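Presented below is the structure to which this report refers.
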Amino acid sequence: MQVRRYKPGEEEELWQLYHDTTHIINGEVYSKEQVERWAPHDKNMDEWKERIKKKNPFVAVEDSKIVGFAELEADGHIDYFYAHHQWQGKGVGSMLYSAIEKEAISQKIPHLYADVSVLAKEFFLKQGFKVLVEQNNIICGAPAPNFKMEKKLP
Ligand SMILES: CC(C)(COP(=O)(O)OP(=O)(O)OC[C@H]1O[C@@H](n2cnc3c(N)ncnc32)[C@H](O)[C@@H]1OP(=O)(O)O)[C@@H](O)C(=O)NCCC(=O)NCCS
């Protein structure tokens, strides 16, 4: 498996991965309405392509297929962080996280932080993050808990 920056032209493959993981994996704990709001079936692709260009994510690639992607912002915020739904628990997230942390340290970013889903909390704890706040948002009329988590970097 290789981790590198995304290349222009890969935006639709990233959308498919994000859409499927959100509906299939996050859909295990969040409602249909909530996951449809986060990853709508009729997503405007021009908007998504613009977003990806700005975020310039890291992608994990296996046999020319993207199996995960992760976004690091200049202030240390980790935004989207997704492994392909058929590649859960196979080390994709760990490889992406290592790339993000290495990049953040090289940029002298003092800490990483993220709003982490219920499903990803254990993963981020394993990477050395601490929970700062448990957030109990109501989205589409139902609870959608997540956790503000942070890791200080050397
Ligand atoms: C969170 C996510 C990116 C982790 O990626 P992954 O490729 O499955 O993670 P890895 O295989 O590298 O796992 C690393 C470690 O975390 C643990 N882990 C990962 N997900 C876990 C979970 N849901 N519960 C418990 N442990 C978990 C693994 O067991 C592994 O532990 P080990 O090192 O002791 O073996 C992935 O589960 C995902 O795409 N989740 C849905 C999308 C999402 O919620 N993203 C986060 C938005 S904040």
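The values are calculated or read from the model by the stated rules, or taken from the named source; none is laboratory data. All values derive from a computational prediction rather than experimental measurement. Note that we place each Cβ from the backbone using ideal geometry, even for glycine, and neighbour counts take in every protein chain shown. When the accessible area is computed, the model is the full protein with side chains, heavy atoms only, and any ligands, DNA or RNA have been set aside. Shrake-Rupley method; radii C 1.70, N 1.55, O 1.52, S 1.80 Å.
The table that follows gives values for the structure above.
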{"read-out": "Low-density loop positions, trypsin sites (Lys or Arg not before Pro), segment 46-150 - DSSP coil, at most 10 other Cβ in 10 Å", "value": "K108"}
{"read-out": "Cross-link pairs K102/K148; K32/K65; K102/K151; K7/K55 - those with Cα-Cα distance over 18 Å", "value": "K102/K148; K32/K65"}
{"read-out": "15 Å Cα-Cα reach of K121 towards aspartates and glutamates, excluding residues that sit fewer than 8 places from it in its own chain", "value": "E28, D79, E134, E150"}
{"read-out": "Among D20, D46, D75: highest mean-square fluctuation, GNM of the chain, C-alpha pairs under 10 Å", "value": "D46"}
{"read-out": "Approximate spin-label separation M1-K65, in nm, with each point projected 7 Å along Cα-to-Cβ", "value": "1.3"}
{"read-out": "Whole-percent carbon and sulfur share, accessible surface of the chain, 1.4 Å", "value": "50"}
{"read-out": "Proximal aspartates and glutamates relative to K152, as straight alpha-carbon distance under 15 Å, when same-chain residues fewer than 8 apart are discounted", "value": "D75, E101, E103"}
{"read-out": "Signed unit charges on C-beta, dipole axis of segment 1-117, positive-most listed residue Y113, M45, I24", "value": "Y113"}
{"read-out": "Per-pair calculated FRET efficiency, R0 = 22 Å: E103 and E28 via Cβ, rounded to 0.05", "value": "0.15"}
{"read-out": "Amide N proximity, segment 49-69 versus Q88 label position 7 Å along Cα-to-Cβ, cut-off under 18 Å", "value": "67-69"}
{"read-out": "Gap separating the Cα centres of segment 1-39 and segment 105-139, nearest whole Å", "value": "18"}
{"read-out": "Loop-located GluC sites (Glu not before Pro) in segment 21-78 whose Cβ has at most 16 other Cβ within 10 Å (DSSP)", "value": "E73"}
{"read-out": "Whole-number accessible area per residue in Å² for segment 46-122, which is evaluated in the context of all protein chains at 1.4 Å", "value": "50"}
